[in-house]
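Note sheet for the following structure.
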Amino acid sequence: MKKLVVFFFLLLSGSLMAQQKFALAIHGGAGTITRDRMTAEQEKEYKDKLEESLNAGYAVLEKGGSALDAVGAAIHVMEESPLFNAAKGAVFTHEGRNEMDASIMNGKDLNAGAVAGVRHIKSPIDAARAVMEKSDHVMLAGDGAEEFAETIGLEMVDTSYFYTDRRWKSLQNALKKEKVELDHDEKSTEKKSSSIYSVPEDYKFGTVGCVALDAEGNLAAGTSTGGMTNKRWKRIGDSPVIGAGTYANNATCAVSATGHGEYFIRSVVAYDISALMEYKGLSLRQAGDEVVMKKLVERGGDGGVISIDSEGNIHMPFNTKGMYRGYKKSTGEMKIAIYSED
Ligand code: ASP
């Protein structure tokens with residue numbers, strides 16, 4: 001009898017522990033982020049904000065909340081911080097505007113939502129979720145997306161809300177550099193670069209993202225960005241493109257990317273990681289390394305991803321010098337890191 005009681009106790013606690021397995025990971029952008037370019041204060045500022053974001057998402061999961069809610073909570077913290085290239089702190093376009101993109105995906109039912117090129121929505125990630133849940137569509141863009149957001153009561157703000165001196169200066173530097181390059185091209189007989197997006201060597205991608213696994217075993221992923229400094233012609237990157245910058249499927253994994261969007265779109269990065277797991281049986285780590293450290297490197301695509309599988313394994317590969325990143329698991333493990341050597 002005593003043995004039977006112990007057996008049932010173990011069974012019960014075992015299943016409770018299994019239920020309690022939840023985790024999340026976040027990123028705040030990849031790029032040329034090296035220790036020698038950061039002061040101790042800057043490093044602390046970033047790490048504190050990453051921790052705040054992780055804790056906000058974790059608090060949702062701890063209370064039994066959904067992976068989708070956790071993704072939203074973690075991303076809100078980074079959207080509201082001027083440190084990252086999303087919502088407040090978004091980079092400027094060539095014309096001096098902030099045009100933001102975001103997307104979210106639910107791994108449980110493969111439902112997804114996205115907005116692109118929005119200028120007045122305070123939280124683009126909330127707008128992406130609203131598109132998923134309150135419209136029949138997956139992606140809305142520009143004025144239409146804003147009209148929809150306003151209709152359903154999302155907070156709208158003046159464009160000045162997104163302004164930061166730091167991003168404005170980055171645009172001025174990019175414009176100056178562009179002018180110098182153009183002047184040089186006129187005088188030179190050398191072949192002109194075929195791309196206006198030839199990313200400077202010291203470029204930092206500041207997009208934010210979160211992937212989460214909740215206590216019910218559901219996965220979700222979300223990404224929010226201002227895109228790339230000096231972007232033009234309503235350019236849209238990978239962040240709002242489901243399968244490129246964001247993907248989630250309970251059967252495989254959840255992925256959020258940051259990097260040179262054009263390459264991530266062409267390589268369908270987030271879905272490729274999921275597909276390698278689904279069709280080739282690769283682990284999360286093998287699939288992420290194959291795509292980010294091999295395929296993207298061969299194709300010249302700078303950046304990285306955060307990813308999580310249905311077991312709560314987390315992998316955060318990147319092929320740049322650094323990536324603001326972190327994770328927190330119900331097992332008690334937590335990590336916040338910036339540089340590749342961390
Ligand atoms: N992936 C984003 C884009 O290309 C940029 C970033 O990650 O910061 O728009």
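Annotations for the structure displayed:
- By average C-beta atoms within 10 angstrom, highest first, the peptides 47-59, 92-104, 132-144: 92-104, 47-59, 132-144
- Cβ-based net charge around GLY332, under 14 Å, with every Lys or Arg adding one and every Asp or Glu removing one: +2
- Of interest is the spacing of the C-alpha centroids, which for the range 207-276 and the range 130-160 amounts to 20 Å.
- Multiplying the residue separation of LYS179 and ASP342 by 0.36 nm and subtracting their alpha-carbon distance yields 54.9 nm.
- The label point for ASN313 and the one for VAL157, both projected 7 Å from the Cα toward the Cβ, are 3.9 nm apart.
- The fraction of accessible area contributed by carbon and sulfur in the chain is 53 percent, rounded to a whole number (1.4 Å probe; ligands and nucleic acids excluded).
- Sorted peptide list for 227-235, 262-270, criterion being average Cβ within 10 angstrom, highest first: 262-270, 227-235
- The chain - percent relative contact order, Cα under 8 Å, separation 6 or more: 25 percent
- A cut-off under 9 angstrom between Cβ atoms defines the neighbours of ARG35, and their net charge, with Lys, Arg +1 and Asp, Glu -1, is -2.
- Dipole orientation for the chain: of the candidates GLY303, GLN172, ALA74, GLY303 has the Cα lying most toward the positive pole (charges on Cβ; Lys, Arg +1; Asp, Glu -1).
- For the range 23-34, 3J(HN,Hα) computed residue by residue from phi via the Karplus equation (6.51, -1.76, 1.60; θ = phi - 60°) reads 6, 8, 9, 9, 9, x, x, 10, x, 7, 10, 10 Hz, glycine and proline entered as x.
- q = 0.26 Å⁻¹: log10 I(q)/I(0) that the Debye formula gives for the range 78-152, counting C-alpha atoms only: -1.14
- Each peptide in 29-42, 295-308, 148-161 gets a packing score, the mean of other Cβ atoms within 10 Å over its residues, and the list from highest to lowest is 295-308, 29-42, 148-161.
- Mean Kyte hydropathy of -0.5 or more with a Cα span along the axis of at least 24 Å, helices from DSSP in the chain: 2-19
- Computed E for LEU110/ASP48 - FRET, C-beta separation, R0 35 angstrom, nearest 0.05: 0.50
The values are calculated or read from the model by the stated rules, or taken from the named source; none is laboratory data. Not measured: the values here are computed from a predicted model. Ideal geometry is used to build each Cβ from the backbone, glycine not excepted, and the neighbour counts take in all protein chains shown. Surface accessibility is based on the protein's heavy atoms, side chains included, excluding ligands, DNA and RNA. Shrake-Rupley method; radii C 1.70, N 1.55, O 1.52, S 1.80 Å.
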